[in-house]
Amino acid sequence: MKVVIAGSSGLIGTALKDSLRGDDHTVVSLVRREARRPHESSWDPASGVVDREVLASADVVVNLAGASIGAKRLTDSHAKLVLQSRLDSTGTIVRALVDAGFAGLLLQGSAMGYYGDRGEDHLTERSGPGDTLLASIVRQWEAAAQPAVDAGIRTVFARTGLVLAPHGGFAERLMPLVTRGLLRSLGKGTAWHSWISLEDHIRALRFLIESDHHGPANVIAPIAVRDRELIRAMSEAAGRSPGLPVPGWALRIAIGRAIEDLLSSQLASPGVLKRLDFSWRHPEITGAAQWVMAEAGHAPPTSARPT
C-alpha cells in the first residue's frame with residue numbers, strides 16, 4: 001500500500017508513518033522544503049503547489065497538516081494562522097485529488113473540538129458542531145474537504161480526542177506538574193474529556209483505512225472521564241497523589257483561547273469504531289495512564305504507588 005502523508009512530522013503523523021513503514025508499506029511525506037530523501041515530496045500549501053502525480057498514485061492520502069494549536073498562546077492572530085494553514089493544506093490536496101480523479105481514500109484530519117463545549121450532552125458522530133472558536137476552526141477545516149466528498153472520493157474525517165502519549169501532546173504539557181504531585185485538575189475538574197492513547201489512535205487510523213467507512217469518526221476511547229479523574233489516573237500512575245487545581249483564569253492568562261481545548265466538556269462516544277468492532281488496547285484511563293508513564297520512564301515500583 002502506498003500512503004502519502006501531509007503533516008508527517010507531528011505527533012500523530014510521525015507515529016503513523018513509523019507504524020506503516022514498520023509493516024513495509026510505502027510512505028511518502030509531503031515536506032515544505034526541498035525533498036532530500038527518496039520518500040519525500042515538496043509542496044507549498046500556501047501557494048497551492050503539490051505534485052499531483054504523487055497524490056494520484058497513492059492508495060491513501062492522509063492530511064494532518066496545519067499549524068499547532070497548542071504550540072503558542074492562542075491570540076487572534078495565531079488563531080487565524082491555525083485556520084488558514086488548515087484551509088490552505090486541505091484545499092491544495094483536495095483540488096489535486098479531484099482533478100486527478102483519485103480513486104483511493106482521503107483520511108482527513110479533524111478534532112473533537114468540532115463539538116465545542118457541550119457540558120453533559122452525550123455526543124456521537126451525528127451531533128452538530130459547537131459554537132466555540134475551536135469548533136468554528138474544525139468545522140471550516142472539514143468543510144474544506146467537502147469537494148472530495150462531492151467528487152465521490154471516500155473521505156474519512158478522523159475527529160481526534162485528547163491524545164495521551166509518552167512524549168508530546170496533551171500528556172507532555174501536564175507531565176511536569178503531574179510527576180511532582182502539583183496538579184489536581186484543570187479548572188473545576190468536572191469537564192468531560194474524550195481521550196485516546198497514542199497507540200490506540202494509530203491502530204484506529206489504520207483500522208479505518210482498512211474499513212469501508214466514510215464520513216466522520218470519533219477517534220477516542222470508549223469511556224470518557226472527567227478532568228479530575230484523568231489527572232488522578234496520571235498522578236497515581238506516576239506514584240503521586242494529586243496536587244492542587246489550576247484555576248481556569250490562570251490557564252486563560254497562560255495559553256489564551258486555546259484553553260477551550262482543555263476546559264471544554266465533551267462526553268462523546270466512538271460510535272463508528274464500536275460499530276466496526278474496533279478493539280482498544282487501552283479502553284480505560286487507568287491502563288492508558290500506566291502505559292504513558294511507563295513509556296515515558298515515570299512509572300514507579302508497584303509498592304510506591306498511592307493506595
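Among all positions in the range 31-47, there is no residue which is at positive phi and in contact with a Ser or Thr (Cβ under 9 Å, 6 or more places away or on another chain). Residue by residue through the range 280-307, note down the ones that are closer than 14 Å to Ile220 by Cα and either at pLDDT below 95 or in contact with an Asp or Glu (Cβ under 9 Å, 6 or more places away or on another chain) (or both). Within the range 280-307, Trp280, Arg281, His282, Pro283, Ile285, Ala288 meet the criteria. Just checking, does the range 48-57 include any residue being within 16 Å of the chain's Cα centre (by Cα) and small (Gly, Ala, Ser)? No: zero hits. Taking the stated definitions as given, is Arg173 buried (at least 17 other Cβ atoms within 10 Å of the Cβ) and charged (D, E, K, R)? For Arg173, the condition - buried (at least 17 other Cβ atoms within 10 Å of the Cβ) and charged (D, E, K, R) - is not met. Does Ser110 fit the bill of being touching an Asp or Glu at 6+ places or on another chain (Cβ under 8 Å), surrounded by 20 or more Cβ atoms within 10 Å (Cβ to Cβ), within 28 Å of Ser41 (Cα to Cα) and polar (S, T, N, Q)? Answer is yes for this residue.
When the range 141-162 is filtered for residues that are more than 13 Å from the chain's Cα centre (by Cα) and at pLDDT below 95, nothing remains.
From the list Arg240, Arg275, the one residue that fits, being within 27 Å of Arg180 (Cα to Cα), of a type in the set (Lys, Arg) and either surrounded by fewer than 21 Cβ atoms within 10 Å (Cβ to Cβ) or at pLDDT below 95 (or both), is Arg240. Tallying residues that are among the polar types (S, T, N, Q) and buried (at least 22 other Cβ atoms within 10 Å of the Cβ) within the range 131-159 yields 1. Among the residues of the range 72-82, is there at least one that is β-branched (Val, Ile, Thr), at pLDDT below 95 and loosely packed, with under 15 Cβ neighbours inside 10 Å? Looking for residues that are β-branched (Val, Ile, Thr), at pLDDT below 95 and loosely packed, with under 15 Cβ neighbours inside 10 Å, one finds at least one in the range 72-82, hence yes.
Remark: Pro247 matches the filter, which requires a residue to be surrounded by fewer than 21 Cβ atoms within 10 Å (Cβ to Cβ), more than 22 Å from the chain's Cα centre (by Cα) and at pLDDT below 95. Scanning the range 121-178 for residues that are touching a strand residue (DSSP E or B) at 6+ places or on another chain (Cβ under 6 Å), of a type in the set (A, V, I, L, M) and over 16 Å from Asn218 (Cα atoms) turns up Ala145, Ala148, Val149, Ile153, Ala171, Leu177. Out of the residues in the range 223-237 meeting the condition of being of a type in the set (A, V, I, L, M) and surrounded by 18 or more Cβ atoms within 10 Å (Cβ to Cβ), tell me which one is farthest from Val178 (Cα to Cα). Only one residue fits best here, namely Ala224.
The lone criterion from (1) modelled with pLDDT under 95; (2) in contact with a Ser or Thr (Cβ under 7 Å, 6 or more places away or on another chain) left unmet by Asp51 is number (1).
The values are calculated or read from the model by the stated rules, or taken from the named source; none is laboratory data. What you see is a predicted model; the values in this text were computed from it and never measured. Here the Cβ is made from the backbone with ideal geometry for all residues, glycine too, and neighbour counts use every protein chain on show.
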